[in-house]
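The block underneath contains the structure these notes are about, expressed in structure tokens.
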Amino acid sequence: QTSKHQTLRTDPPSRPARPTTAAPPHRNHRTSAIAAARRPKPKIGSKQISNLMATLRNLKIKTSTCKRLVKELHSYEKEVEREAAKTADMKEKGADPYDLKQQENVLAESRMMVPDCCKRLESALADLKATLTELEEAN
């Protein structure tokens, strides 16, 4: 029997044994030189990595610009087709001369955007090609 004031003894929960680590051997100048010779040298430094990251970012930007301009060009070409069809339809139906003139102005503006977009796309492509040749020469 146990009294109110007596407590039963229980063993503490078992803990995994700590591994014993021996002190590393003392290194002198010879052993550190041997260890350094065995250690593989990093092939690229941190500056080179940051330069590569910046170059990669520039390539992504320039590539995205070209993709966007191609989409814009297709959009403008479709717009020209739509507006030309609308103008022809208005002429065929004998629309009001003022409305017809306004529609022809819209068509003319749409047609002017196509060469402008082509020039911007050519410029962006030339810039991308220049960056790629620069990278090829660097490597």
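The values are calculated or read from the model by the stated rules, or taken from the named source; none is laboratory data. Values in this document were obtained by computation on a predicted structure and should not be read as measured data. Heads up, the Cβs are rebuilt from the backbone with ideal geometry, glycines too, and the neighbour counts pull from every protein chain shown. SASA here: full protein model, heavy atoms, side chains in, ligands and nucleic acids out. Shrake-Rupley method; radii C 1.70, N 1.55, O 1.52, S 1.80 Å.
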Run through region 35-139 and list the trypsin sites (Lys or Arg not before Pro) located in a DSSP loop whose Cβ has at most 10 other Cβ atoms within 10 Å. Lys43
Region 51-138: D in µm²/s via Stokes-Einstein (Kirkwood Rh, Cα pairs, 4 °C, 1.567 mPa s)? 84 µm²/s
Place +1 on the Cβ of every Lys and Arg and -1 on the Cβ of every Asp and Glu in region 51-138, take the dipole about the Cα centre, and give the residue among Ser110, Leu69, Met53 whose Cα lies farthest towards its positive end. Met53
In region 51-138, lysine pairs closer than 19 Å at Cα, eight or more apart or cross-chain: 15
Which value, in debye to the nearest 20, describes the size of the charge dipole of region 51-138 about its Cα centre when Lys and Arg Cβ atoms bear +1, Asp and Glu Cβ atoms bear -1, and nothing else is charged? 340 debye
Would you work out the relative contact order for region 51-138, in percent, from Cα pairs under 8 angstrom that are 6 or more residues apart? 44 percent
FRET efficiency, Leu52 to Val114 (Cβ-Cβ, R0 30 Å, nearest 0.05): 0.20
Sorted by accessible area with a 1.4 angstrom probe, largest first, how do Thr131, Thr65 fall? Thr65, Thr131
Note down the net charge around Ile61, summing +1 for each Lys or Arg and -1 for each Asp or Glu among other residues with Cβ under 13 Å from its Cβ. +4
